[in-house]
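Enquirer: Structure in structure tokens, see below.
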Amino acid sequence: MAYQRRLLHYSPGPTNLVGEISNRVVAGAWFELHRQGGCGAGEIKLNDDFSDRANIALGDWIAFEFSPGDRWYLGRVENRQAISPGGAVLELQGMSVQLAEAFPGGFDRNVADGIPPHRYAFTDIFPNDPDHTDETVDTVSEPTEVVGLLLDQYIVPKTDIIKDLSLIEEPSIPSSVTTMKFRGEESTRDIVEELAIRSKGASWGVNEDGKFFFLKPVTTVQTTFQESVDLIAFRESVNRNLIYNRVLLTGGFIYDAAVSSNASARGFFRWKGNYIQPASRDTHGERQIRLSIPWIRTREDSREFIREFFRIYADPPNQYAIEVANQSSLLRPWDGEIKLLDQHSNVVASQQVETIRVEFDHAPRFQMILGAIDPMRMWPQPNRLDRWELRGPMTPSDGGEIITFSSSAASSSGSGTITASGSLTGP
């Protein structure tokens with residue numbers, strides 16, 4: 001069907017249609033889709049003669065359709081600005097923004113909103129936690145089980161997000177979860193981001209229909225673009241700032257048994273790990289990143305995460321920025337790869353798209369980024385670096401080990417190991 005550009009206003013919820021915003025009053029529109037996040041930011045510029053713009057309130061929803069019934073994007077109004085001269089601007093965010101508004105667990109069932117801590121685990125290895133007797137416990141052994149429970153217990157009840165079992169997939173290579181505990185401090189978005197990494201780089205987010213997805217990476221090619229044929233812009237880059245071969249990982253607290261009868265008198269320690277990818281370090285020099293993931297407290301959970309982190313970032317990842325115009329079908333980043341050809345029909349790359357920005361004006365125009373995203377976007381570096389003294393000599397159970405895996409960095413330099421050391425650390 002021919003392109004019609006329909007912008008539909010929903011209020012108060014994403015299923016309550018108010019009406020269509022006339023194209024006559026729209027000066028411009030765009031939105032983004034992310035492989036890790038789904039529907040992202042969006043924007044609509046409105047002309048001065050849109051007399052009903054005051055009726056679009058914060059929290060209302062706007063859907064973008066290519067033609068009737070062919071929805072490409074759904075976003076919530078986060079900011080409305082009146083500009084003189086020039087009309088108004090509506091700033092949007094996709095429904096995955098609600099993942100940052102759902103917080104698993106709480107501090108205590110007898111205080112505040114009365115929610116106890118929530119532990120997801122397949123074994124009880126921290127009985128000395130001060131709030132151990134107050135926990136809610138669910139038995140899990142792998143990430144998608146945690147994702148499913150988070151949806152049932154915290155996301156669906158507190159947001160507009162829809163659970164669809166067909167959109168939750170286990171990774172092709174199994175991954176595991178040992179123990180995770182939450183006290184209402186971390187959002188479901190933070191947790192899902194980490195679980196996606198240890199699930200072999202799963203795609204996750206909320207799509208244009210408001211459905212949550214957690215999908216294994218798809219290697220099927222969605223479409224092919226060629227230099228000087230389809231592409232109106234084509235840039236390849238290799239960024240040293242995206243290489244990381246040493247990770248200083250800070251996890252959660254681990255507690256000793258109470259002293260005598262005073263439950264508050266107990267020692268506590270902070271789990272820390274120091275992980276190195278030697279092949280990458282020998283080739284590129286040391287590239288360090290500090291990560292804080294407070295629900296990690298075991299060697300096994302840290303290893304599941306770090307192994308996949310190094311697979312992505314130990315090599316310098318190639319990034320491609322491309323632009324194509326006059327598109328009539330949506331390319332969703334989580335649906336598969338894009339193949340790029342040079343002007344002589346040689347394959348330059350076949351990779352997953354991380355981000356698509358769609359200029360939704362006279363004819364849809366796509367600006368796409370292929371290649372790994374900056375991990376600083378997911379785990380910003382702290383303004384102040386906390387340091388914790390070591391409890392004592394490290395033991396194998398603290399996280400010190402060699403992790404072997406195959407990677408392009410390893411094969412190019414004759415080594416395929418991750419040197420890992422970790423410890424419990426205390427004040």
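The values are calculated or read from the model by the stated rules, or taken from the named source; none is laboratory data. Only a predicted model underlies this, so the values are computations on that prediction, with no experimental measurement involved. Every residue, glycine as well, gets a Cβ built from its backbone with ideal geometry; the counts of neighbours run over all protein chains shown.
Enquirer: Which of the residues that make up region 29-66 are closer than 24 Å to Gly205 by Cα and small (Gly, Ala, Ser)?
Expert: Listed by number, the residues that qualify are Ala29, Gly37, Gly38, Gly40, Ala41, Gly42, Gly59, Ala63.
Enquirer: In addition: Here are the criteria: (1) assigned to a helix (DSSP H, G or I); (2) closer than 29 Å to Val97 by Cα. Tell me which single one Asp282 does not satisfy.
Expert: The failed condition is (2).
Enquirer: Pick from Ser415, Ser406: which is modelled with pLDDT under 60, crowded, with 16+ Cβ neighbours inside 10 Å and part of a loop (DSSP other than H, G, I, E, B)?
Expert: Result: Ser415 is the single residue among Ser415, Ser406 that is modelled with pLDDT under 60, crowded, with 16+ Cβ neighbours inside 10 Å and part of a loop (DSSP other than H, G, I, E, B).
Enquirer: Within region 100-113, restricting attention to residues that are surrounded by 13 or more Cβ atoms within 10 Å (Cβ to Cβ) and either more than 30 Å from Leu215 (Cα to Cα) or β-branched (Val, Ile, Thr) (or both), which residue is modelled with the highest pLDDT?
Expert: Per the stated criteria, the residue is Phe107.
Enquirer: Follow-up. Quick check: is even one residue across region 281-294 on the phi > 0 side of the Ramachandran plot and without any contact (Cβ under 8 Å) to a residue 40 or more places away in the chain?
Expert: Scanning region 281-294 turns up at least one residue that is on the phi > 0 side of the Ramachandran plot and without any contact (Cβ under 8 Å) to a residue 40 or more places away in the chain.
Enquirer: Please enumerate the residues belonging to region 81-92 that are surrounded by fewer than 19 Cβ atoms within 10 Å (Cβ to Cβ) and either of a type in the set (Asp, Glu) or at pLDDT 95 or above (or both).
Expert: Within region 81-92, Glu91 is the sole residue that qualifies.
Enquirer: On the basis of being more than 24 Å from the chain's Cα centre (by Cα) and not β-branched (Val, Ile, Thr), does Asp113 make the cut?
Expert: yes
Enquirer: While we're here: Please go through (1) on the phi > 0 side of the Ramachandran plot; (2) under 17 Å from the mean Cα position of the chain (by Cα) for Ile161 and return the number of the only condition it doesn't satisfy.
Expert: (1)
Enquirer: Now a separate question. Can you tell me which of Val146, Val192, Val140 is crowded, with 17+ Cβ neighbours inside 10 Å, over 24 Å from Met95 (Cα atoms) and either at pLDDT 95 or above or touching a Lys or Arg at 6+ places or on another chain (Cβ under 8 Å) (or both)?
Expert: Val140
Enquirer: Related question: Among the strands (runs of 3 or more DSSP E) confined wholly to region 1-109, which include 2 or more residues that are closer than 30 Å to Met378 by Cα, in contact with a strand residue (DSSP E or B) (Cβ under 8 Å, 6 or more places away or on another chain) and touching a residue at least 12 places away in the same chain (Cβ under 8 Å)?
Expert: Where strands (runs of 3 or more DSSP E) fall fully within region 1-109 and carry at least 2 residues being closer than 30 Å to Met378 by Cα, in contact with a strand residue (DSSP E or B) (Cβ under 8 Å, 6 or more places away or on another chain) and touching a residue at least 12 places away in the same chain (Cβ under 8 Å), they are 26-34, 36-46, 61-67, 70-83, 87-94.
Enquirer: Can you find, within region 6-45, the residue that is farthest from the chain's Cα centre (by Cα) among those that are basic (Lys, Arg) and at pLDDT 95 or above?
Expert: Going through the qualifying residues, I end up with Arg6.
Enquirer: Sticking with this structure for a sec: Among the listed residues Phe225, Phe310, which satisfies the condition of being in a strand (DSSP E or B) and touching a residue at least 24 places away in the same chain (Cβ under 8 Å)?
Expert: Phe225
Enquirer: If you don't mind, another one. Filter region 159-197 for residues that are of a type in the set (Lys, Arg), touching a residue at least 60 places away in the same chain (Cβ under 8 Å) and within 27 Å of Gly13 (Cα to Cα) and give the result.
Expert: The one that is of a type in the set (Lys, Arg), touching a residue at least 60 places away in the same chain (Cβ under 8 Å) and within 27 Å of Gly13 (Cα to Cα): Arg189.
Enquirer: Okay, next question. Does at least one position in region 253-269 carry a residue that is in contact with a His (Cβ under 9 Å, 6 or more places away or on another chain), more than 27 Å from Trp379 (Cβ to Cβ) and part of a strand (DSSP E or B)?
Expert: No, because not a single residue in region 253-269 is in contact with a His (Cβ under 9 Å, 6 or more places away or on another chain), more than 27 Å from Trp379 (Cβ to Cβ) and part of a strand (DSSP E or B).
Enquirer: Give me a count of the residues in region 347-363 that are in a loop (DSSP other than H, G, I, E, B) and at pLDDT 95 or above.
Expert: So the answer is 1.
Enquirer: Scan Pro130, Pro116 and give me the residue that is touching a Gly at 6+ places or on another chain (Cβ under 8 Å), surrounded by fewer than 21 Cβ atoms within 10 Å (Cβ to Cβ) and not charged (D, E, K, R).
Expert: The conditions single out Pro116.
Enquirer: Among the residues of region 328-346, which ones are buried (at least 17 other Cβ atoms within 10 Å of the Cβ), assigned to a loop (DSSP other than H, G, I, E, B) and over 18 Å from the mean Cα position of the chain (by Cα)?
Expert: Scanning region 328-346 gives Leu330, Leu331.
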